[in-house]
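Where a number appears in this text, it was derived from the coordinates with a stated rule and is not lab data. Just so we're clear, the structure is a prediction, and the values are computed from it rather than from any experiment. Note: ideal-geometry Cβ built from the backbone for every residue, glycine included; neighbour counts use all protein chains shown.
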Amino acid sequence: MSFLEYLQTDWQAVMNALLVHVQMSLLSTLFAVLIAVPAGILLTRHEKAAKIVLAVAGVVQTIPGLVMLGIGLLIFGLGMLPSVIVLIAYGVLPILQNTYTGIREVDRLYTEAARGIGMTNRQVLTKVELPIALPAIVAGIRLSVVYIISWATLAALIGAGGLGDLIWTGLSCYDTNMILAGAIPASLLAILAGFLIDLVQKAVTPRGMKTKKGEE
Amino acid sequence: MSDFINAVLEHLAVTAAGVVIAVLIGVAAGIFIARRPVFAAAVLSVADIIQTIPSLALMAMLMIVFGLGDLSVVIGLCLYSLLPVIRNTYTGITTIPPSIREAARGMGMSRPQSLLKVELPLAMPMILSGIRVAFVTALGTAVIGVLIGGGGLGNLVYRGIQALDWGMIIEGTVPIVLLSLLAQHFFNRLQHFKRRRKTNV
Amino acid sequence: MGGTYVVSLRNITKRYGASEAVNNINLEIRDGQFVVLVGTSGCGKTTTLKMINRLIEPTSGQILIAGKDIRTVNPVELRKNIGYVIQQVGLFPNMTILENVETVPKLLKWPKEKYRRKALELLEMAGLPSDVYAEKYPSELSGGQQQRIGVLRALAGDPPLVLMDEPFGALDPITRDSLQDEVKKLHKDLKKTFVFVTHDMSEAVKMADVIVFMDQGSIVQIAPPEEILEHPANDFVRSFIGMHTASDSNRLSVADVMRANPATVTRDRRTLECISLMNAKGIDSLIVTDENGALEGIITIEAIRRSGKPGATIDSLIQKPAGTVAVTGSAKEAFDTLTATQAEYLVVVDEGNRVAGIITRTGMVKSMAQALWGGDSQ
C-alpha cells in the first residue's frame, strides 16, 4: 500500500509515537535548561572550575549519542526514564557552554558601570548580564532542542518509544511506510522546534543589540 | 584485532568521504552566496533545515532512496556537514574588510585572482573552523550508519548495546573520542598557523 | 540641596604591592564646589576618585561624606546616592535611553510616577525630546549623545555628589566643548558637588572652582584656576600648563603645532596591508621607519598603485619625504618650510632622527588660529 494509505489506517500509532516523542523532548529540554543555566552562571564566577568543566564537556560531546544511550541502558535499564536522563545530561552541555560564554562576553564596561551606579551583584546579573547574554543562551537552547529531538529518535533502541520506534521497526522489517511514518514527523518536529526557538531568539534580542549570526 | 582496525579505518573512510564531498560542495556554495548575497538567506536556511533533521530519520530516508550500505551513510554525512562549511565560508569571505578587496581590484587583479590570492587565504581560518566542526560531528554521527547497513565502529557499539557488553561499547567509542580530539587538535594547529600568516592590518 | 554636605579625604593612601598609587592625600571639598583633579596618567587622580565611591578601598586613611565615615556605609547604598560618569559611557545596550536614565531611581525604589517624570524632565532639559529619544537604544546614538545620557543617568537619582572620570576624553573637540558647557550649567542650576578627573589642563581651568593638581600620588597644589595659572607651585606644574594649554604665539614651538603619533610602518610591510591601513585612516601616505622609529622615508598610495605588486614589500617604493623639521624648532620655522616646499605635510624628527610627529597644513592653520584667538586645545 502507499504511504498515504498507511497513514490513513495507522495514524493512531503515529500520533501516539509523536506524543511520546514530544513529551520526552519537552521534559528533557526543560530540565536541561533548569540545570544548565544556573550552572553556567555559577561557572562564570569560578574561573578555574569553569575551565575544567568545559574541557570535560567538550570531550563528552564527542561521544556519539547512541553510545550515551547504550551507557544509559547499561546503568539504568530499558525504558523512557533512562533515555530522559541521558537526554538531559547531554542536552545540558550546549546550554552550559553558551550560558558561560554569553555571560563572559558581556563587556566588562557594562558590569563596571552597573556596579559603579549602585547595583548589587545580583542586580548586575539580572538587569545587565543576563539580558545581554540572553540571545546567546537561547542559541544554546536551540542547539540542545535539536539534539534532544534527534537523540530521542535513537532512544527507541533502548525501549523509550516515540517516533524512533517506528523508524526502527520499519528498518527491521523493510517496511518503507513505517520508516517514513517515523522519519517525516520527526523531521518536521525538529524543524518546527528550531523555527519556534528562532522566533523566541528574535523576541528576546533588544533592538539595540541585533548581532549577526556568527561562526560555530 | 584486525577486525577492530578495519572497523576504525572504515569509520574514518566513511567520515572523510562525506566531509570531503561536503567541503567541495560547501566551499563552492559559500563562495557563490558571498558573491551573490541575494541567495544567501535561502541557501543557509536550506542547509540549516537539513542539519536540523534527526540523524536517524535522515539516514533512514536516504536508505529508502539509495539502499542499504555505506553509500547512504556517506551521503547523509555529507548533507550534515554542509551547513558548517557553507556558513563559515560565507562568513569568512564577507567579513573581509572591503578595503582589501578594493586594493586588490585597484591593483588590477581579476575576480578569480582576487579570490584565490587574497580572499580565500584570508577566510581560511574560519573555513577550517567550519571543516573541523563538520568532521568532529560526522565522526559521531557515522555510528548510526550501522543501522542502515553501513560499517565502521557503529557495529561494535550496536552489538555492545544488544549484548549489554560494556567492553564492546567502550571499544567502539574510545577510537571515536580519540579521533575527534586528534582532529580538533590538528585543525586548531592548522587554523593557528594560517592566522599567523594572515597579514595584520 | 544646600547644607553642610562635605567630602573629606584624610591621610588617604593606596598601595598596590610595593608601589604607592596615592600617597597620604588630604582634601576637603565644600558643598556645591566643582573640584577638578588634574595631572598626567598614573598620578593617582582616578584612583582617588574611585575611593570616594568605594570602587577602590584605601590601604589606609579615612573618607568622610557628610560627616560619616564611608566604611560604615554599605557600598551599594553609598553608590546609589553618588552620581558616576565614566569615559566610555557604559550605557546598558539592552535598555532604552529612558530605561537607562531611570536605572538609579528604580534602584532607590522611587514610585514609578516619580522616576518617570524625573527622567522625562532630564531629557527635556538636555535638549533631547523624549518623543524622539526615549525609546531609542544607545547603539543608535552618537558618542556625544550617549555621554549626554550618561550624565543624565548619573543625575536622575538626585544625588548630592557627582563623580566624573575623564568623561569627555573620547569625544571630538567640538562635542567636548558643548558638553563641558552643559555640565557647567548643570552645576550652576542644580548646585550639586562635582568631583571631576581630567588630564587636560584647559578643561580643568574651564570647569573648576578649585583645581587639585596631582603628581605621582601626591597633591602638588590646590587652588582656583586663576591662581594656578599665575602662580604655579613648581616647574612641573608650570610645564604642564605650558604643554596642555594654548601658549603665547611668540613662543609657539614645533611640538605645540604638530600631531604626535602619526601612522607609521616598517619597510618589510606588504603593499596590500599598507593600502588597507591608509584606507582605514583616510590618508594617502604613510611614514616608513626602522625598528627604532628612525625616519626612512614615506610611502604613498600613488606609488603603490603605480608600481606595487601584491604580496611584495613596500621596500622598493619608499620615497624621501618632501620636508622634515626638528621637534625643537619653532612653529615659524615649520611654517616657512611648509610654504617653501609646497609639501602637504612635514615629518617632525628628534635629534636621533626618530619620528616625533607630523605637521599638516590644516593642523598648522588650526594651531595658529587658536594661538591668536584662543579656544580649546586641539
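Between the C-alpha center of region B:155-176 and that of region B:6-32 there is a gap of 25 Å. A cut-off of 5 Å between modelled amide H atoms, ignoring neighbours fewer than 5 places along the same chain, links C:S330 with C:V254. In plain terms, the residue of A:E129, C:E182, A:E5 with the fewest other Cβ atoms within 10 Å comes first and the most crowded comes last, giving A:E5, C:E182, A:E129. Membrane-span-like helices in chain A, defined here as complete DSSP H runs extending at least 24 Å along the helix axis by their C-alpha atoms with mean Kyte-Doolittle hydropathy no lower than 1.0, are A:3-44, A:80-104, A:130-154, A:176-204; this is a sequence and geometry rule, not a statement about a membrane.
What FRET efficiency, computed as 1/(1 + (r/R0)^6) with R0 = 25 Å and r the Cβ-Cβ distance, is obtained for A:A49 and A:L78, rounded to the nearest 0.05? Efficiency at R0 = 25 Å is approximately 0.10. A Cβ-based charge dipole, computed about the Cα centre of region A:3-209 with Lys and Arg at +1 and Asp and Glu at -1, lands at about 1000 debye. Dipole magnitude for chain C: computed about the Cα centre from +1 point charges on Lys and Arg Cβ and -1 point charges on Asp and Glu Cβ, it is near 1120 debye.
Distance distribution note for region C:126-213: the fraction of Cα pairs above 23 angstrom is 23%. Given the options C:E20, C:E226, C:E302, state which has the largest fluctuation in a GNM of chain C using a 10 Å cut-off (strictly under) for Cα springs. Among C:E20, C:E226, C:E302, the largest mean-square fluctuation in the Gaussian network model of chain C belongs to C:E302. Listing A:F195, B:F193, C:F335 from fewest to most neighbouring C-beta atoms within 10 Å gives B:F193, A:F195, C:F335. Within chain A, the longest run free of trypsin sites (Lys or Arg not before Pro) that sit in a DSSP loop with at most 14 other Cβ atoms within 10 Å is A:46-209. For the pair C:T339 and A:T126, how long in nm is the line joining their label points, each one 7 Å along Cα→Cβ? Going by the 7 Å Cα→Cβ label model, 7.0 nm. Summing Cβ point charges (Lys, Arg +1; Asp, Glu -1) relative to the Cα centre of the protein assembly as shown gives a dipole of roughly 240 debye.
Using the count of nearby Cβ atoms within 10 Å as a rough guide to exposure, how do C:C43, A:C173 rank from fewest to most?
The order, fewest Cβ neighbours first, is A:C173, C:C43.
Most simply put, the protein assembly as shown has about 60% antiparallel DSSP beta bridges, counting only bridges with both residues inside it.
The equivalent ellipsoid of the protein assembly as shown has semi-axes of 61, 37, 22 Å, largest first, where each one is the square root of 5 times an eigenvalue of the Cα gyration tensor. Considering only C:G297, A:G72, B:L24, the residue lying farthest towards the positive end of the dipole of the protein assembly as shown is A:G72, judged by Cα position with unit charges set on Cβ.
Think of chain C as having a plus end and a minus end, set by charges on the Cβ of Lys, Arg, Asp and Glu; of C:S19, C:I97, C:G150, C:I97 sits farthest toward the positive end of this dipole.
Rounded to the nearest 0.05, the FRET efficiency derived from the C-beta distance between B:V65 and A:R207 at R0 = 41 Å is 0.35. At an R0 of 51 angstrom, the distance between the Cβ atoms of C:A255 and C:A18 translates into a FRET efficiency of 0.90. Given the pairs C:K68/C:K106; A:K48/C:K50; C:K14/C:K80; C:K191/C:K281; C:K50/C:K184, which are separated by over 31 angstrom at their Cα positions? Where the Cα-Cα span goes over 31 Å, the pairs concerned are C:K191/C:K281. Shielding value for B:61-67 is 3, the average number of Cβ atoms from other chains within 10 Å of each residue's Cβ.
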